[in-house]
Structures are given as C-alpha cells and as structure tokens.
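Q: After the structure tokens below, expect a handful of questions from me.
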Amino acid sequence: GEWRASMSLFETFNSIAFVVIMMLGLYTLNARQNLVKKTLGLGLFQTGIFLMYITLGVRDDGVAPILQEGAALTYTNPLPHVLILTAIVVSLSTMAVALALIIGVREEYGTIEADEIATIDRADAEEGA
C-alpha cells in the first residue's frame, strides 16, 4: 500500500525527468550550430538514457534473488547499474574525443559554428572545381 504509492511517485517523477532531459538534449543537438553546445546536448541526451535504464531497473514483482523474512518485495536489479557504469565511461571518453576534435576544427577553420564550417567547405569546393 503505502510503499507502493511512494514507489509509483518515484517512478513517475523519474519518468518525467528522463523524458525532459532527453528532449532538452535532442533540442540542443538540433537547434544549435555551435559544436560545443551540440556536444553538451549529446551529453544531456545520454544522461536521460542513463536515468531511464536505472529507473527501469526497479522491480516490484517479488522475485528478488534473496528474500528475508519481513523484507520488502521491491528491489533494484543490479544489472542496469553495471551497464550504466560502463556506458558512463564510454560517454565521458566520447565527449573527450569530441571536444578534442572540436579544437582541431577550430584550428583548421577558425570557427566552431557548423553552418560557417559548411559555408567554408562549399567555398573551398567551388575554388577547387
């Protein structure tokens, strides 16, 4: 009764939170031309995915691997946590490589705005053709 109601509130809040975080990240990826802002939007999107998997790891179906007398039947599955730890490491590595590439783009083109870079590329292609 009472525990399940609070669990439902937890799941509802987390569901709203991860959708909002993912949509903010997706909006930032699509709406901004600055490469650093796009990278931060990707990081936000990944954070929303992490929260989604962790939220879905909460189980209340009474099949916890270890049941003690008087223990609650709700538990958190450890597998999503292990997978998310790995995903966080990959996410941080990806972000570091992306930022390093952005530095190289800035040195090459003098800007980190995607539309300006496309314009420069088009002008170079027209000169070469």
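The values are calculated or read from the model by the stated rules, or taken from the named source; none is laboratory data. Just so you know, these numbers come straight off a predicted model, no measurement behind them. We place every Cβ from the backbone using ideal geometry, glycine too, and count neighbours over all the protein chains shown. We work out accessible area using only protein heavy atoms, side chains counted, and drop any ligands, DNA or RNA first. Shrake-Rupley method; radii C 1.70, N 1.55, O 1.52, S 1.80 Å.
Q: I need a count of the residues in the range 111-129 that are within 23 Å of residue 42 (Cα to Cα) and either free of Cβ contacts under 8 Å to residues at least 40 places away in the same chain or in a helix (DSSP H, G or I) (or both).
A: Pass one, the range 111-129, residues within 23 Å of residue 42 (Cα to Cα): 111-118.
Filter once more, so that each one left must be either free of Cβ contacts under 8 Å to residues at least 40 places away in the same chain or in a helix (DSSP H, G or I) (or both): 111, 114-118.
Looking only at that region, the number is 6.
Q: Right, here's the next one. Could you tell me which of the residues 72, 17 is open to solvent by less than 40 Å² (accessible area, probe 1.4 Å) and either part of a helix (DSSP H, G or I) or modelled with pLDDT under 95 (or both)?
A: On the way: 72 fails: open to solvent by less than 40 Å² (accessible area, probe 1.4 Å).
Step by step, each of 72, 17 is checked, and only 17 is open to solvent by less than 40 Å² (accessible area, probe 1.4 Å) and either part of a helix (DSSP H, G or I) or modelled with pLDDT under 95 (or both).
Q: Of the numbered conditions (1) at pLDDT below 95; (2) within 26 Å of residue 27 (Cβ to Cβ), residue 45 satisfies every one except a single condition; which is it?
A: All conditions are met except number (1).
Q: Show the residue pairs meeting these rules: Cβ distance below 8 Å; 6+ apart or different chains; first residue within the range 33-57 and farther than 26 Å from residue 116 by Cβ; second residue outside any helix (DSSP H, G or I).
A: 57/76; 57/77
This table checks each residue for (1) among the aliphatic types (A, V, I, L, M); (2) modelled with pLDDT of 95 or more; (3) open to solvent by 60 Å² or more (accessible area, probe 1.4 Å); (4) in a helix (DSSP H, G or I).
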position	(1), (2), (3), (4)
4	no, no, yes, yes
21	yes, yes, no, yes
39	no, yes, no, yes
53	no, no, yes, yes
67	yes, no, yes, no
79	yes, no, yes, yes
99	yes, yes, yes, yes
